[in-house]
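One structure is given below, encoded as structure tokens.
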Amino acid sequence: MTQHDVHTTARLYLCTDARKQKGDFEQFVDAAFEGGVDIIQLRDKTIEAAEELELLEVLQSVAHRHGRLWAVNDRADVASLSGAPVFHIGQKDIPLRSARKLLHDPTIIGLSTHTPEQIDAAIAASPGRSGLDYFCVGPVWATPTKPGRSAVGLDLVKYAANAVKQADEETVGGVVLPWFAIGGIDLGNVEEVVRAGASRIVVVRAITEAQDPTAAAQALLAALDAAAA
């Protein structure tokens with residue numbers, strides 16, 4: 001399995017800021033990977049590009065040690081300069097086609113979706129190496145990490161599950177497009193998300209605010225397993 005294929009088995013994706021107040025970025029991401037997190041994305045709107053690149057060097061080193069993936073959010077220039085294996089874009093960020101021109105091949109590219117139409121467009125953009133590699137659906141519940149963004153609820157998670165299943169059935173070879181539910185997901189509601197059809201989740205506070213990030217990640221993975229059983 002190549003690095004480009006690793007994301008297809010990923011189940012737990014973490015977004016974190018630079019953890020300036022605690023000053024423990026390296027220790028935190030190490031603990032999160034130790035707990036089983038598959039991908040860690042640095043997402044911090046308060047830092048400049050130079051500082052972000054420095055932190056990404058740290059993240060890259062820790063991820064490599066654990067054999068896991070790391071991601072850059074929004075900025076294709078930073079993703080290109082850092083050699084990030086994963087790049088994530090929002091609906092109003094750089095278009096997918098433009099991102100492909102700027103980034104190293106084969107960078108994994110993901111997209112945020114918030115409506116049925118955006119989900120359909122994401123699925124349609126997935127075929128081929130120049131297409132989309134995964135998408136996220138949310139925010140399922142309102143979250144302070146996405147101020148002003150209305151919650152989409154579990155119905156959109158169900159829509160995504162059905163849409164991907166239908167696309168897989170219609171595609172020769174049955175290639176499954178990975179997708180993640182995101183937004184306010186924690187131990188208390190992860191079972192509902194799985195019941196709605198998601199098998200992969202993105203979390204923020206469920207791990208970033210935990211006293212023990214390793215244990216928090218392990219508990220989330222165990223909850224995913226239990227809910228899917």
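Brief remarks follow.
- Global geometry of segment 87-229, whether rounded, prolate or oblate, following the gyration tensor of its Cα atoms and the 1.5 cut on a/c: prolate
- Charge context of Gly188, other residues only, Cβ under 15 angstrom, K/R +1, D/E -1: -2
- Comparing Cα centroids, segment 21-56 and segment 156-229 end up 22 angstrom apart.
- Residue-span extension gain [Thr46 to Gln91] - 0.36 nm each, minus C-alpha spacing: 14.2 nm
- Calculated from backbone phi, Karplus (6.51, -1.76, 1.60) coupling profile of segment 109-121 in Hz, x at Gly/Pro: 10, x, 9, 7, 10, 10, 9, x, 5, 5, 5, 4, 5
- Label-point gap, in nm, between Ser199 and Ser61 - each point 7 angstrom along Cα→Cβ: 3.6
- Ranked by solvent-accessible area (1.4 Å probe, protein heavy atoms only, all chains present), the residues Tyr13, Tyr159 order from largest to smallest as Tyr159, Tyr13.
- For segment 1-127, the spherically averaged projection of the C-alpha convex hull amounts to 8.1 nm².
- Cleavage-rule hits, GluC sites (Glu not before Pro), segment 1-84, DSSP coil, Cβ neighbours within 10 Å at most 10: Glu48
- Measuring nothing but protein heavy atoms, the accessible surface of segment 131-222 at 1.4 Å probe radius is 49 percent carbon and sulfur.
- Rounded accessible area per residue of segment 1-107, 1.4 Å, Å²: 50
- Across the cross-link table entries Lys92/Lys165; Lys92/Lys158; Lys45/Lys165, which are compared at the Cα atoms, the separations over 31 Å belong to Lys45/Lys165.
The values are calculated or read from the model by the stated rules, or taken from the named source; none is laboratory data. These numbers come from a predicted model, not from an experiment. Positions of Cβ are backbone-derived with ideal geometry, glycine not excepted, and every protein chain shown enters the neighbour counts. In case anyone asks, the SASA skips ligands and DNA or RNA and just uses the protein heavy atoms, side chains included. Shrake-Rupley method; radii C 1.70, N 1.55, O 1.52, S 1.80 Å.
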